[in-house]
1. I'd like the residue in region B:52-65 that is assigned to a helix (DSSP H, G or I) and open to solvent by less than 50 Å² (accessible area, probe 1.4 Å) and, out of all such residues, is modelled with the lowest pLDDT.
2. For A:D861, only one of the following conditions fails: (1) out of contact with any Lys or Arg (no Cβ under 8 Å at 6 or more places or on another chain); (2) on the phi < 0 side of the Ramachandran plot; (3) more than 14 Å from every other protein chain (Cβ to nearest Cβ); (4) among the charged types (D, E, K, R). What is its number?
3. Among the residues of region B:87-141, what is the count of those that are hydrophobic (A, V, I, L, M, F, W, C), more than 12 Å from chain A (Cβ to nearest Cβ) and under 16 Å from the mean Cα position of the chain (by Cα)?
4. For region B:154-172, give me each residue that is under 15 Å from B:T208 (Cβ atoms), under 18 Å from the mean Cα position of the chain (by Cα) and open to solvent by 60 Å² or more (accessible area, probe 1.4 Å).
5. How many of the residues in region A:660-681 are assigned to a helix (DSSP H, G or I) and aromatic (F, W, Y)?
6. Go through region A:901-939 and give me each residue that's more than 12 Å from every other protein chain (Cβ to nearest Cβ) and farther than 15 Å from A:P99 by Cα.
7. Exactly one of (1) open to solvent by 40 Å² or more (accessible area, probe 1.4 Å); (2) within 14 Å of chain A (Cβ to nearest Cβ); (3) free of Cβ contacts under 8 Å to residues at least 24 places away in the same chain is unmet by B:Q43. Its number?
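The values are calculated or read from the model by the stated rules, or taken from the named source; none is laboratory data. Here the structure is a predicted model, which is why all the values come from computation and not from measurement. With ideal geometry, Cβ positions are generated from the backbone for all residues, glycine too; neighbour counts draw on all protein chains shown. Surface accessibility is based on the protein's heavy atoms, side chains included, excluding ligands, DNA and RNA. Shrake-Rupley method; radii C 1.70, N 1.55, O 1.52, S 1.80 Å.
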Amino acid sequence: MSDEKSLTYSDFRKRIGDVKHPEYWRSLDELMRSEVFDDFMHDEFPRQAAALTSGVDRRDFMKLMGASMAMAGLVACNQPDQKIVPYVNQPENLIPGKPIFFASAMVAGGLAKGVLVESHMGRPTKIEGNPDHPSSLGASDSFMQASILGLYDPERSQVVRRLGEISTYSEFLGALQPVLNAARANGSGLRVLTQTITSPTLGNQIQQVLAQYPGSKWHQWEPAGGHNAREGARLAFGGYVNPVYHFDQASVVVSLGSDFMGEGPAHLRYARDFMSGRRVRRGSTTMNRLYAIESMPTQTGGCADHRFPVKPSEIEGIARALLGVAPAPASWVSAIARDLQNNRGRGIVIAGDEQPPAVHALAHAINQALGNNGATVTFTDPVEVAPANQLESLRELVTDMNAGRVSALIVLGGNPVFDAPADFDFRAATDKVPFRAHLSPYYDETSYHAHWHIPETHYLETWSDARAHDGTVTIMQPLIAPLYNGRSAHEILGALIGGLDLSPYDTVRSYWFSKGANEISWRKWLNDGVIAGSALPVRTAGASGAIPPATRQSGNGATGVEIELRPDPTIHDGRFANNAWLQELPKPVTKITWDNVMIIGPALAKQIGFDADDRDPLVNEKQTRMVDVEYHGVKMRMPVWVVPGHAEGAATVFFGYGREHGGAVASEKGKGFNIYRFRFSDALSGGAGARITLTNDPPYPIACVQEHQSIDPKDVGERGIVQSASFTEFQKDPEFARERERKEAGESELQGEAAGEPYDQQMYPPYDYSKQHAWGMVIDTTVCTGCNGCVSACQAENNISVVGKEEVVREREMHWLRIDRYYRGNPENPETFHMPVPCMQCETAPCEPVCPVGATSHSIDGLNDMTYNRCVGTRYCSNNCPYKVRHFNFFHYADYDTPALKPMRNPDVTVRTRGVMEKCTYCVQRINAAKIEAEKADRPIPDGEFTTACAQACPTDAIVFGDLNDKSSRVAKLKQEPTNYALLPGLNTRPRTTYLATVRNPNPEIRG
Amino acid sequence: MAQIFHRSANTISRVTIFGAIFIAGFILWVIGGIVRSPYFTNQGIEREQIVPFSHQHHVGGLGIDCRYCHTSVETSNFAGIPPTSTCMNCHAQIWTSAQLLEPVRSSYATGRPLIWSRVHRLPDYVHFNHSIHISKGIGCVSCHGRVDKMNLTYQAMPMTMQWCLSCHRAPEKFVRPRNEVFNLAYESPNQAVDGPRLVKEYKIQSFTHCSTCHY
C-alpha cells in the first residue's frame, strides 16, 4: 500500500483545491486515488482468477482435458429434429413472425401506468410505454420493463393451497360458502383487506360486497402508498384532494425531500415535464431551476441545480421559513424564498412521501401563497375509489382481529404479514381469525399464515381497469391466458357477491356498459389504452389559511442518528423481490445490486469509526463492514455504506428486502435485511434516536457496479469524460465542451494534426457511409435522471442474462448499457452526474482489428457487428475497448432449460451461450426490421419510425437515436449542438454515440 | 562417429514430412467434406410427416400457388405453415374419407394442431426474412428447389453460410422478375443481361456484413 492511501477525509478539500480542473470522481476511493486503486482499475477483470479458488492440479487437468477430447466427437452430432405446430384456425390479423402490440396498463401502488405490450404469436415479450397515456407518454420504467419477467417467473404460485396442501379453487369456494352464509345476517366479522384501489370496477364490486354483508368492512394498506401526501392534502384543504403538478409550466421547483422524478405513479410524466424546461440548445435563453432539500441523495437530487443535504426532521423548519412563518435557518433558504417570490405562479414546492403530513400541508400553503395553485399545481378529486387514512384503516383491522371481532379475513393482494408496521404484529393478530384467505402472486409470508392461498393473476393475464395520476381510466386487457391457474381480485369479489362463474371480462365489461359504453367505444378504449376524456375534472382545492402547527422540532433535541426509511428503488416495497432483473439492476445513486445497506454520509462514517483509511481500495465497492443499528428498541446487524452527499447525522435504509418466503430469488439469493422491523405506526418513515456502532464482523460482500469497467479516473476530469457548465457559462461560451475536445485532440499523443481537424492518418480502411444509413445516438446528460429505465429496457429487448450476486462481485454483470455515476466537488455534498454508456459504435473501432476470428466487424451502416457464432472468447476486443462496453459470458448465464422462461425471450435476438462476447448492437434487430419494411415499400425510413429500446424507454427523452445521413433527423440536429461532445476524442475512435454536456442553472445568490 | 541411422531414414523422414502435410490436408479435406455433406446439412433428406403431404401433387399437379398456404411469405420473416383449416377448405369436400387424411380431420374436429417436422432449419443465431427476398425478386426455387417435383418435401439446398453468400455476393445471378418469383419452372432466357438490369431496377444491395443475418 502506498503512503497516499493514508489520506484522510479532511484532506479532500485540499486535494480538490490542488487540481486545475474541476475534478470529477466516481467513488470515494477513486478520490483517494492510491496506487493500489490504480492497479485495480487497470485490471479489466481483476477478480477473474478468484473463480478457480481451489486450483486444479495436473492430474485433474489431464482428466478434464481427456474428457473434453473424448466428448469433442459428440458435439458434432446433428441438430435434433424440430417440430412446427401451426394453428388449427389461425386468428385473423395474426401474421406469424410479426409482433402485435396491445394497449394495457401496469398498476403500481394502485395507479395505472399505460403500456403497449409486444406480443409474438400470443406470447408477450416486451413492454413499452403507451404514448397516449398521461402517466407514461410513451416512456417506461424498470418496473414496467421487468414485469415481463414477473409474468413468466416459474416461482410464481401455481396452485390453490389449503393450509399449505394443494387444493382447488372450487374447494375454496365450497369452504367460503358457510362463512358467507353466516355473514349474510351479520357481516361485521367479514373483512376485506386490499391495497390502494383506483379501479372503478373493483370499487363497484367492493361496494356491492359491503352492501350485501351488512356490517362488513373494507380495509386498505399499501406499504409505500403516499400516506403522508394524502393526509397532508387533507390537512391543507380539509378533505382529500389529488394534486397534479405541471412541471412543464414551472420555472422554479423546490423539492422538500421529494423524489418526484424517481418514485410515485406519475414519475415518468413528471420527469418528462420537468426536463422539458431544461433542454439547453443553441440560443436557449431560459432554463428552469431545481432546488432539492433532502437527506438521501435521490435521482431528483442528482439532477438538482442546488442540493442541500439536511436531516429529514429539519425539512419542516425549512418549509416554514419558505412560507415566511419562521426565520430562515440559513441564507440559502432566504435565497430560495426570493427565487420563488420572483417566479410567482411559475413555481412548484413539492414534499416527499417520507415527510410528515404537516410538511405536505406547508408545501400546499406555499404554493397557495405564491399563486402556484391553479397554475402549476391543479387539483382533482382523489383518484382512489375510497381515499382513506390507510394506517388507521389497518390499525382498526388489527385491533378488531385482536379483539376477536373478525371471523373472516379476505386479503386481496399485498403481503401485510411482511409489510405491516412492526408494532401492529399483524401476524399474531391474524391467528385469532378463524377464516383467512389470501390472494397473491407468490406463496409469501402472508400466504403461509392464511388458511387458503389463491394464486393471483399477473396484470398481463386478466381484465381489469385502473386510473392514472390524473384520473384517466385505462381498461386493462390480458395478453395471455393465466399461465399458472391464477385468479383475479374480480373473481374473488365476484364469488363474495354471488357470481361464482363471472369472468373478469364480463365483470369489467358489464360495469362499463352500465356506464354508457357501447361496442364501438369499448373497442376504441381497448385500442387506445385510455378512455379519452376520463381524466378527473380540475377543481379548486379550497384554500385554507391554517398553517399546521409544528410537529417535529428541527432535530436538535433528539439524540442519536436520524433514520429515514424509503421503499427500495428497484424492488419497491418487496413485491418485486423475486424479480432477478430488478434485483440485479444497480440502484440509482448507490449502484448496489442484490442488497440493501445502511446508507450514511462520510461525516457519520468517520464518527462511527468507519473511516476510509480502514478500507482497502482493492476490495472497496466489493465488501463493507457490518454495523449494529439500534432503533426503537430493535437491534439489527446490517452492512453500512457511505454515500457522498448524504446528510450528516442521518442514515437511510430501503425497505423491501428480508423476504422469508415468496421464491428463491426473494428469500435466498437476494434476501438482504428486513427493514420493516424498523417501521412503526407512529413513524412510518423513520425518525431520530438510532444508534449505529461498527462491529468486528468479517466484511460483508457487496455487489456494487460503479467501479466496474471503469474508464481511467485520470481521464474523467482531465480528459473531459464529463463536461458541465452553468447556464450562465453556457450562454457566454456555448462551445465549452468542444473547446476541451479540441484541446484534448491537440494534446493527444496519437496524432500530430492541427487541433480539431479530423485525423486522416489511420490504419482502418476508409468506409463510405454516405450511400447507406449512418446510425448515431446522442445522449443529453443534462436531462438524464439515472433512472435505469433504459438499462431494463435493454435487458428485456436483448435477452440479457442475469448473473447473480457472486458474479456481479466478480464484475461479470451482463448489462449492455450501464449508467456511470460521477461526482464533482466536496464529498459531503458533491454534484452528481449520470452518464448512460452503451457501445459507442466507433467508426474506427479498436475492438475490430484485434479479433483473431473476425467475430466483430464493421457494417455498412457503421455499426460494430458482434457475431456470436464466430466468437471464440479471446476477449481481446474487450481488452482493447477504451469505453469498456463489452461483456463476456464467463459461464452459461442464459437459462436454456427452464421451460417457463423460453417464451419470454425476444425471438429476434440470439440467446448467447458461454464463452461469447456480447455488447450493445444499437438494437440491430429493430434496424433491420425497419430497413426491410422500407425496402419493400421502396421508401426512405422516416426519422422516428423506430428507435432503440433504451431511447424508447427513456422518460426524459435523454437518448435520441437516428440516421445521421438524414440531415433533418433529430439526432443529426443534436449532433450540431454546441454542447455535443464525444468521449475520449483523442483516441480518434470517432464514436457514433456522443453526449450533450451537462448544463446546470445554479442561483447566483447561492455559493457552492 | 558411427552412423546411427540407416540411410533409408532420409527417405522415411522426407516421406514423413511431406506425408504429414498431405495427411493433415487430407484430414481437413475430409472434415470439410463431411460438414458440407447432407449428413450435416440435411440436404436432400426427406422428412417423415404426420400426413405425407405431396407438394408434387398440390403444386405441380393442381397448380396451387405457394401463397395459398404460406400466407405470410410476402409480409413476414416466416412464410407460415398453413393452419388445419386451410387443408379443410378443400378436404372438407374431396377425399373426405381418405385414410391418409385422418390426422387432418381429427385435428380439425378436436382442435389439436397437426405437428409437422421442420424441413428447413437455420440455427438460432441466423435471422432470415422471407418477405424481403420475395420483394427483391428472389424466386422460391432459388432456395427451395423444385418443390413442385417433390413427393415428400426435402431441403434442396445445403443452407450453409457459404451458400447464402454465393447469392448475397452476386445477386445478379439469381434475381428474377417479381412476377416470376412464385413460378418454380421459370428460367431466364438471358440472365447475364436480365440479372444486372433487375438488380438495378429493384435496388438490390449486396449485403455481406455480419449483422445482415447474425444478431
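1. The first filter runs over region B:52-65 and keeps only residues assigned to a helix (DSSP H, G or I), leaving B:55-61.
Still in the running and open to solvent by less than 50 Å² (accessible area, probe 1.4 Å): B:55, B:58-60.
Details: B:H55: 93, B:H58: 94, B:V59: 93, B:G60: 90.
Here the residue is B:G60.
2. Of (1) out of contact with any Lys or Arg (no Cβ under 8 Å at 6 or more places or on another chain); (2) on the phi < 0 side of the Ramachandran plot; (3) more than 14 Å from every other protein chain (Cβ to nearest Cβ); (4) among the charged types (D, E, K, R), only one is false for A:D861: (3).
3. The first filter runs over region B:87-141 and keeps only residues hydrophobic (A, V, I, L, M, F, W, C), leaving B:87-88, B:90, B:92, B:94-95, B:98, B:100-101, B:104, B:109, B:114-116, B:119, B:122, B:126, B:128, B:132, B:134, B:138, B:140-141.
Restricting the remaining residues to those that are more than 12 Å from chain A (Cβ to nearest Cβ) gives B:90, B:92, B:94-95, B:98, B:100-101, B:138, B:140-141.
If we keep only those that are under 16 Å from the mean Cα position of the chain (by Cα) as well, we get B:138, B:140-141.
Summing the residues that are hydrophobic (A, V, I, L, M, F, W, C), more than 12 Å from chain A (Cβ to nearest Cβ) and under 16 Å from the mean Cα position of the chain (by Cα) in region B:87-141 gives 3.
4. Matches in region B:154-172: B:M161, B:Q162, B:R169.
5. Of all residues in region A:660-681, those assigned to a helix (DSSP H, G or I) come to A:664-669, A:675-678.
Going one step further and asking which of them are aromatic (F, W, Y), we end up with A:676, A:678.
Final tally of qualifying residues: 2.
6. A:L901, A:R914, A:G915, A:M917, listed by residue number.
7. Here B:Q43 clears every test but (3).
Conditions (1) of a type in the set (A, V, I, L, M, F, W, C); (2) not in a loop (DSSP other than H, G, I, E, B), marked per residue:
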{"site": "B:I50", "(1), (2)": "yes, no"}
{"site": "B:R67", "(1), (2)": "no, yes"}
{"site": "B:V73", "(1), (2)": "yes, no"}
{"site": "B:G80", "(1), (2)": "no, no"}
{"site": "B:S85", "(1), (2)": "no, yes"}
{"site": "B:N89", "(1), (2)": "no, yes"}
{"site": "B:W95", "(1), (2)": "yes, no"}
{"site": "B:R112", "(1), (2)": "no, no"}
